Amino acid sequence: AFRLKCSKGFYVRSLARDLGEILGCGGVLSALRREESEPFSVENARKVNEINEEHILPVESLFPHCGRLELEQREAGLLLRGDTKMLYSLSAELDRIASRPEMLFFDRSTGKACGLLLRQEGGWRFGVNIVQGD
């Protein structure tokens with residue numbers, strides 16, 4: 001048994017296979033437990049029966065390093081309905097304010113996150129629609 005701290009995209013099962021190959025005996029995992037995925041950790045987890053409304057985190061906490069783009073309600077609505085033409089005109093601004101290839105966009109009138117934009121070769125595309133209750 002061992003603990004491993006690794007970056008996103010590291011294949012732990014492949015490590016077990018490769019170690020087994022080096023040792024000449026084969027290798028597989030009998031158990032795998034992810035204890036942390038920033039910004040969440042098992043250490044801060046709660047049991048389902050312990051959760052109440054105060055424990056519910058805002059959607060933005062799922063994307064702690066994403067940039068933030070505030071749009072007018074009409075613009076956010078267009079994106080949410082699949083009209084991505086406006087991304088071409090926003091591309092320069094998105095490139096200027098984005099430190100990572102993901103950008104959350106918000107409805108300025110409500111302050112709520114609406115979706116996630118993703119940078120790809122040649123520009124930005126719509127990634128995820130975020131639906132929030134009232």
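Here are the numbers for the structure shown:
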quantity: Residue in the range 95-128 that is nearest to residue 75 (Cα to Cα), counting only those that are outside any strand (DSSP E or B) and open to solvent by less than 40 Å² (accessible area, probe 1.4 Å); calculated: 111
quantity: Residues (among the polar types (S, T, N, Q) and more than 27 Å from residue 57 (Cα to Cα)) located in the range 78-134; calculated: 84, 89, 91, 120
quantity: Among the candidates 81, 119, residue that is among the basic types (Lys, Arg) and within 16 Å of residue 67 (Cβ to Cβ); calculated: 119
quantity: One residue from 56, 22 being out of contact with any strand residue (DSSP E or B) (no Cβ under 9 Å at 6 or more places or on another chain), within 18 Å of residue 113 (Cβ to Cβ) and without any contact (Cβ under 8 Å) to a residue 24 or more places away in the chain; calculated: 56
quantity: Subset of the range 64-80 [under 21 Å from the mean Cα position of the chain (by Cα) and open to solvent by 80 Å² or more (accessible area, probe 1.4 Å)]; calculated: 65, 68
quantity: Residue tally, condition under 30 Å from residue 110 (Cβ atoms), surrounded by 10 or more Cβ atoms within 10 Å (Cβ to Cβ) and more than 22 Å from the chain's Cα centre (by Cα), over the range 1-58; calculated: 1
quantity: Any hit, the range 70-84, residues being touching a residue at least 12 places away in the same chain (Cβ under 8 Å) and touching a Ser or Thr at 6+ places or on another chain (Cβ under 8 Å); calculated: yes
quantity: Selection status of residue 61, of a type outside the set (A, V, I, L, M, F, W, C), open to solvent by less than 40 Å² (accessible area, probe 1.4 Å) and in a helix (DSSP H, G or I); calculated: yes
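The values are calculated or read from the model by the stated rules, or taken from the named source; none is laboratory data. Just so we're clear, the structure is a prediction, and the values are computed from it rather than from any experiment. Virtual Cβ from ideal backbone geometry, glycine too; neighbours counted across all protein chains shown. Areas reflect the complete protein model, heavy atoms only, side chains present, ligands, DNA and RNA absent. Shrake-Rupley method; radii C 1.70, N 1.55, O 1.52, S 1.80 Å.
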